[in-house]
């Protein structure tokens, strides 16, 4: 990610030590999403501007949601496509059900689907390591039901995908094998605790 040093430093400064519901640093999550996208997308030989926009959107995807960062600041460090993807990724769970919060994602771009799958992958992968440390309540009450909604969303998005169907289909399969592992871990922990 040395190519995106300026953007990475900006995101790190903005997130500071903010943590998500799992108790892990939000910046670290965004940084891993960006690294994952950069790595996963290489074999597909996307246009370099698109590749960069997706990677930066992965890095920045929680900035509007969790910090006081402005759209103008994101645009100054990226491009209009990155900003559009970050805006599409920004959803709110305040005062609504998980189902209602996820609903807007059904109308988003294929590019957003790629970023969202990388987001789900990283959130789930880290959850496999911190579930027991953080306790099962948040995972049982929020994250597991959210993954259930994301499964429905991604099944729909694979069917509707156009230009990037091959990427989305491959990524969905990869990501949801990690989700299956998480659900098994959660189930096993429930039985022993």
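The table for this structure:
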item	result
Fully extended contour minus Cα-Cα distance, from residue 19 to residue 166, at 0.36 nm per residue	49.6 nm
Cα gyration tensor shape for the range 112-193, rounded if a/c is under 1.5, else prolate or oblate	prolate
On Cα atoms only, tilt of 80-89 relative to the major axis of the chain in degrees	10 degrees
Global geometry of the range 1-41, whether rounded, prolate or oblate, following the gyration tensor of its Cα atoms and the 1.5 cut on a/c	oblate
Cα centroid of the range 134-193 to Cα centroid of the range 28-45, whole Å	18 Å
Cα long-axis angle, helix 26-41 against the chain (0 to 90 degrees, to the nearest 10)	70 degrees
Peptides ranked, highest mean first, by Cβ atoms within 10 Å: ranges 137-149, 31-43	31-43, 137-149
Rounded, prolate or oblate (a/c below 1.5 giving rounded, otherwise prolate when a/b exceeds b/c) for the range 18-69 by Cα gyration tensor	oblate
Degrees separating the helix 165-192 axis from the principal Cα axis of the chain, which is the longest one	30 degrees
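We did not get these values from a lab; they are worked out from the coordinates using the rules stated. What you see is a predicted model, and the numbers here were worked out from it, not measured in a lab. Methodologically, a virtual Cβ is constructed for each residue, glycine included, from the backbone with ideal geometry; neighbour enumeration extends over all protein chains shown.
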